[in-house]
Amino acid sequence: MVVDDHPMWREGVARDLTEAGFLVVATSGEGRQAIRVAAAARPDVVVLDLQLPDISGVEVVRGLRAALPDVRVLMLSASGEQQSVLDAVKAGATGYLVKSTAPAEFLDAVRRTAAGDPVFTPGLAGLVLGEYRRLAAAGTGPGSGAGPADGAEPGAPRLTERETEVLRLVAKGMSYKQIAQRLGLSHRTVQNHVQNTLGKLQLHNRVELTRYAIERGLDD
């Protein structure tokens, strides 16, 4: 699904996605409408502009995640301002690209978002990881100060040794492909480990998983 208030841009992105083999199930130019339409169309990925005429993209992310907890949201914005990026990710966005991104890079980013990888314009991934580390150090994030992710704290879900190993690499900001190469596993196996871990921890995406891992010091 493509959400942008500029008709030419919206139609152009939808056309590029269709030509690349994606099924565009809906488009919208307004935030509130996008939330309603998404609830009915049930897209796997939403390409969402940050600036919309009625409500902000950040508010749309929250509404989308409330209606469709498993939806993956790729922000596509003219703004690369740090606070905008952090606000979007904290609201539940999976990735964030600036609109100056080349078409081929954009299409690759959509594919990676659909596969569950957090995707950011170069330089922004480090910003997000740095913010998570800052929050963890300050003890302001949920679960801060908790024990290791293998379930040492009472009542915590227990992860397998391999799941914990994958989780450590997720916390370092590595992609599925990089993790697969590091551990000698297939891309699909890494995806399965991440999905199993998300289920055990009752988290929704890799962004939340990364924050969880960093808060437990697994990025060292």
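The values are calculated or read from the model by the stated rules, or taken from the named source; none is laboratory data. Because the structure is predicted, anything quoted here is derived from the model rather than measured. Glycine gets a Cβ as well: all are built from the backbone with ideal geometry, and neighbour counts include every protein chain shown. The accessibility values were calculated without ligands, DNA or RNA, using every heavy atom of the protein model including side chains. Shrake-Rupley method; radii C 1.70, N 1.55, O 1.52, S 1.80 Å.
Among the numbered conditions (1) open to solvent by less than 30 Å² (accessible area, probe 1.4 Å); (2) free of Cβ contacts under 8 Å to residues at least 40 places away in the same chain; (3) more than 18 Å from THR113 (Cβ to Cβ), the only one that LEU52 does not meet is (2).
For the stretch 158-188, filtered to residues that are in contact (Cβ under 8 Å) with a residue 40 or more places away in the chain and in contact with a Leu (Cβ under 9 Å, 6 or more places away or on another chain), the residue that is surrounded by the most Cβ atoms within 10 Å (Cβ to Cβ) is VAL170. A search for C-beta distances below 7 Å between a residue of the stretch 1-17 that is free of Cβ contacts under 8 Å to residues at least 24 places away in the same chain and any residue that is hydrophobic (A, V, I, L, M, F, W, C), counting only pairs 6+ apart in sequence or on different chains, returns ARG10/VAL2; ALA14/VAL2; ALA14/VAL24.
Rundown of residues vs (1) at pLDDT 80 or above; (2) assigned to a helix (DSSP H, G or I), yes/no style:
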| position | (1), (2) |
| --- | --- |
| ASP150 | no, no |
| GLN178 | yes, yes |
| HIS204 | no, no |
| GLU208 | no, yes |
| ILE214 | no, yes |
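Just to be sure before I move on: is LEU198 within 22 Å of ALA93 (Cα to Cα), crowded, with 17+ Cβ neighbours inside 10 Å and modelled with pLDDT of 75 or more in the structure I sent? Taking the combined requirement at face value, the residue satisfies it.
Those residues that are open to solvent by 60 Å² or more (accessible area, probe 1.4 Å), within 27 Å of GLN83 (Cα to Cα) and assigned to a loop (DSSP other than H, G, I, E, B), I need them from the stretch 18-31; list them, please.
GLU30
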